[in-house]
């Protein structure tokens, strides 16, 4: 399935997939390798990474494929170095990315803040694992706060994409590079250990790119022009505030133009389940079963976690419905759901953490408990 | 009248923010002169550190980036690997390179990145108010060693150049000083050589350490600071070509 904005028409989606099937070869790949190949197809010039489970397949795949394509691969000495190598390559106008998992992404936060401040396009993949601390290497969605709240210091945002299948992970890569270039912003692809590890059939194809602005700010050597400076320091009184306003205006454009979500049978629903990423896959199964039992339940799946589909959820909350948020965490995205619902309807939560993954029937039970007997 | 000295074009004509007697201005001029002499302004990208020289791009008129504290060698790696035809140099102080960025400089050298590093050693953190640096001398009084640095409590001055020499990935390491006109001429020769190696595609990192005065936080007159480099600093940080 490709990215769909508020898709409620299943027939259209099925038709779209059939066309793709005829035109493109479907191959079986694990998420980590598929995202790596998708990045190459999207024109990634340079990959920098440091080993960490459960995303090691990305680094290993890139170490082989990037040189084959005549592109750059460097295994860095740390995540600090990796994100700063991205910073350097991006500043020269190249498409650069890194990938890591939760503890490694914590180390990258300094660099992400600098990328945001210096307005450098970049793509960071986080194949989330359990935390806090060293946690474990099992799947988790515990980095939602870190990804959507900035994570590093200062007043900034990053675009955050939360794919829920290997195909969508693939589609997110080109979207991530395009969004990064269009808005000069770091884009985080927030996957998890399941998505990274599991194998699914995928279609790898180059999609038409957006019309992107020229990178006239890039450091290419000041041949026949004035020097370009890439900076995040604004010392002159009032200059940083002006810079903050400029970033805010851009963030508002992103919120206006780039929200992606999907919803299913919300119109007549008494219960709306909100989930993203791999949790949404489980929710999908549970909701289908609940419908078979006659429970009026639907789901909303944010695809962009920032910008969050606030309007879509708010609209659904205009009529009284119970919102059930399902996450592989102790409750993080629920904050955004509550902000969107804004007190109009109740918002309840069920989640598992530390590598616990709710079964379909577990979620189904939670849905049943919310029905009015 | 014959012109015996003039500002080189790549050095901007502007007032300086550096303290009287500071070495950064001299070091900036040497780099600008080398860039002009080698005619590489149009293909050079410079990396400014966190520290007093963070505004280096206000003085040196090439494409420049300002990076997180200590991370310049990683940024330089990202630039050079994706732009092998460009000349990439970083300009880093002792806090930046020898303390918070010790990992990055070690590994950039270890990988043999084809970059040029100008390492300004003034034995103190300047911008933050004169705290102890890894290169602070024994008995040197700083904001954080009020009784002077003691080896027992704070360790010995870190000789980064000597460490980097041990790496196969470094091809040229030289330590110079800005303490006299002769020393400044030698420093320029070293900086030029480091850039030339990169221009020639020599396989490895080149680093020039520059002993530079900080009269403000050494609490000395500019003249005494120059003398202190020659009499004291060079005992721990001997001048000369260490490698290459």
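The values are calculated or read from the model by the stated rules, or taken from the named source; none is laboratory data. Computed from a predicted model, the values in this text were never measured in an experiment. Cβ: placed from backbone, ideal geometry, glycine included. Neighbour counts: every protein chain shown.
The set of residues in the stretch A:234-254 that are within 14 Å of chain B (Cβ to nearest Cβ) and either under 25 Å from the mean Cα position of the chain (by Cα) or crowded, with 16+ Cβ neighbours inside 10 Å (or both) comprises A:240, A:243. Summed over the stretch A:77-96, residues that are under 23 Å from residue A:212 (Cβ atoms) and either without any contact (Cβ under 8 Å) to a residue 60 or more places away in the chain or at the interface with chain B (Cβ under 7 Å from one of its Cβ atoms) (or both) total 11.
The one condition from (1) part of a loop (DSSP other than H, G, I, E, B); (2) more than 10 Å from chain B (Cβ to nearest Cβ); (3) touching a residue at least 40 places away in the same chain (Cβ under 8 Å) that residue A:70 does not meet is (3). Quick check on my filter: what residues within the stretch A:81-107 are over 17 Å from the mean Cα position of the chain (by Cα), part of a helix (DSSP H, G or I) and buried (at least 24 other Cβ atoms within 10 Å of the Cβ)? Listed by number, the residues that qualify are A:81, A:82, A:83, A:84, A:85, A:86, A:87, A:88, A:89, A:90, A:91.
Out of the residues in the stretch B:52-65 that are facing chain A (nearest Cβ under 7 Å) and buried (at least 24 other Cβ atoms within 10 Å of the Cβ), which is farthest from residue B:8 (Cα to Cα)? That would be B:65. Just the residues that are touching a strand residue (DSSP E or B) at 6+ places or on another chain (Cβ under 8 Å) and either farther than 25 Å from residue A:194 by Cβ or outside any loop (DSSP other than H, G, I, E, B) (or both), please, taken from the stretch A:337-361. A:337, A:338, A:341, A:345, A:346, A:347, A:348, A:349, A:350, A:351, listed by residue number.
Output the residues belonging to the stretch A:97-119 that are in contact with a strand residue (DSSP E or B) (Cβ under 7 Å, 6 or more places away or on another chain), over 20 Å from residue A:155 (Cβ atoms) and within 12 Å of another protein chain (Cβ to nearest Cβ). If the condition is that a residue be in contact with a strand residue (DSSP E or B) (Cβ under 7 Å, 6 or more places away or on another chain), over 20 Å from residue A:155 (Cβ atoms) and within 12 Å of another protein chain (Cβ to nearest Cβ), then A:97, A:98 are the ones that fit. The stretch B:85-202 holds helices (runs of 4 or more DSSP H) entirely within its bounds, and those carrying 1 or more residues that are in contact (Cβ under 8 Å) with a residue 24 or more places away in the chain and within 14 Å of chain A (Cβ to nearest Cβ) map to B:102-111, B:181-199.
Among the residues making up the stretch A:208-233, those that are more than 14 Å from chain B (Cβ to nearest Cβ) and either exposed (fewer than 13 other Cβ atoms within 10 Å of the Cβ) or within 30 Å of residue A:327 (Cβ to Cβ) (or both) are A:208, A:211, A:213, A:214. The selection criterion, being assigned by TED's automatic domain parsing to the domain that holds residue A:283 and farther than 19 Å from residue A:149 by Cβ, does not hold for residue A:302.
For the stretch B:203-213, does any single residue satisfy the condition of being over 26 Å from residue B:132 (Cβ atoms), at pLDDT 95 or above and in a strand (DSSP E or B)? Checked the stretch B:203-213: at least one residue is over 26 Å from residue B:132 (Cβ atoms), at pLDDT 95 or above and in a strand (DSSP E or B).
Within the set A:63, A:20, A:76, A:113, the sole residue that is at pLDDT 95 or above and either within 17 Å of residue A:166 (Cβ to Cβ) or touching a helix residue (DSSP H, G or I) at 6+ places or on another chain (Cβ under 8 Å) (or both) turns out to be A:76. Considering only residues in the stretch A:55-67 that are under 21 Å from the mean Cα position of the chain (by Cα) and either within 14 Å of another protein chain (Cβ to nearest Cβ) or crowded, with 24+ Cβ neighbours inside 10 Å (or both), the one that is farthest from residue A:192 (Cα to Cα) turns out to be A:62. Mind checking whether some residue in the stretch A:277-297 is outside any helix (DSSP H, G or I), surrounded by 19 or more Cβ atoms within 10 Å (Cβ to Cβ), touching a helix residue (DSSP H, G or I) at 6+ places or on another chain (Cβ under 6 Å) and touching a residue at least 60 places away in the same chain (Cβ under 8 Å)? Yes; the residues of the stretch A:277-297 include at least one that is outside any helix (DSSP H, G or I), surrounded by 19 or more Cβ atoms within 10 Å (Cβ to Cβ), touching a helix residue (DSSP H, G or I) at 6+ places or on another chain (Cβ under 6 Å) and touching a residue at least 60 places away in the same chain (Cβ under 8 Å).
Restricting attention to the stretch B:17-51, the residues that are crowded, with 23+ Cβ neighbours inside 10 Å and at the interface with another protein chain (Cβ under 10 Å from one of its Cβ atoms) total 5. Scanning the stretch B:73-84 for residues that are touching a helix residue (DSSP H, G or I) at 6+ places or on another chain (Cβ under 7 Å) and more than 7 Å from every other protein chain (Cβ to nearest Cβ) gives a single hit, B:73. At least 2 residues being touching a residue at least 12 places away in the same chain (Cβ under 8 Å) and farther than 19 Å from residue A:257 by Cβ is the threshold, and among the strands (runs of 3 or more DSSP E) wholly inside the stretch A:129-230 those reaching it are A:186-192, A:199-203.
Mind checking whether some residue in the stretch A:244-255 is under 21 Å from residue A:95 (Cβ atoms) and in contact with a strand residue (DSSP E or B) (Cβ under 7 Å, 6 or more places away or on another chain)? Yes, there is a match, as at least one residue in the stretch A:244-255 is under 21 Å from residue A:95 (Cβ atoms) and in contact with a strand residue (DSSP E or B) (Cβ under 7 Å, 6 or more places away or on another chain).
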